Amino acid sequence: MAGIITPSCGNQPTIDCNGQLHDDQLLGILVNFSASLDVLEKDLHSAIRAHNFRSLSTEEQVKVDTFLVYVNSTLFWMYLKLQGYDLSKHYILHDLGRAREMLAREKQTNSSKTAPRLDIAASKRFIAAGMHTRFVDMEGVMVTEAQYMRSLTEASGSNIQ
């Protein structure tokens, strides 16, 4: 039993003492790979159709081009992996990383466009109005100087009577 590897996760394949995967596990891996490849192919075809569409805005064109670079790099990575190449120092990892960064940057740029914006003109009006109005603390309540004087006049008028 020394050759048996028990996986920590239930979906990991087990290897018998001869170093072979079980047939049902190998079939599951191949089905999963085939499904992933089909999804990638479908996405690639729709991206190529979008790329050939001439009325895209510059922003949309950048998004499609970046996606095409990412899909192309992913397909090349899959090819190299299937051929058994050691990809730990291969340049394709750098290309995939750059494509991921560009997609993340594009997503961040689009999310900042939908963020709330400050109305500069309104804030300038508020500041200007606040600079010309003086406030007085009247027993814990902030009132304008005019209101404070009015309340003093009213209080002195009621004291006279």
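For the stretch 44-157, what does the accessible surface come to per residue with a 1.4 Å probe? Please give it in Å². Walk me through the intermediate numbers first.
Working: 9110 Å² over 114 residues.
Per residue, the stretch 44-157 has an accessible area of 80 Å².
Can you list which of the GluC sites (Glu not before Pro) found in the stretch 87-147 are DSSP loop residues with at most 12 other C-beta atoms within 10 Å?
Details: sites: E101, E106, E139, E145; in loops: E139.
Qualifying residues, ordered by number: E139.
Over 30 Å between Cα atoms: which of K42/K81; K63/K124; K63/K89 fall into that group?
Exceeds cut-off: K63/K124.
Quantify, in whole percent, the carbon and sulfur part of the accessible surface of the stretch 61-161 (1.4 Å probe; protein heavy atoms only). Write down the numbers at each step before the final one.
Working: 4830 of 8230 Å².
Carbon and sulfur together cover 59 percent of it.
Can you give the local net charge around Q61? Use residues other than it whose beta-carbon is closer than 14 angstrom to its beta-carbon, Lys and Arg +1, Asp and Glu -1.
Around Q61, the surrounding residues sum to -1.
Would you mind checking the stretch 90-120 for residues with the amide N under 13 Å from a putative spin-label position 7 Å along Cα→C-beta of N72?
95-96, 99
Using per-residue counts of other Cβ atoms within 10 Å, averaged over each peptide, order 50-59, 108-117, 68-77, 88-97 from highest down.
68-77, 88-97, 50-59, 108-117
Amide H to amide H, which residues 5 or more places from M138 or on other chains are under 5 Å from it, using H placed in the peptide plane?
Result for M138 returns V143.
The values are calculated or read from the model by the stated rules, or taken from the named source; none is laboratory data. Quantities reported herein were computed from a predicted structural model and do not represent experimental measurements. No Cβ is skipped: glycine too gets one built from the backbone with ideal geometry, and neighbour counts run over all protein chains shown. Surface areas here come from the heavy atoms of the whole protein model, side chains and all, with no ligands, DNA or RNA. Shrake-Rupley method; radii C 1.70, N 1.55, O 1.52, S 1.80 Å.
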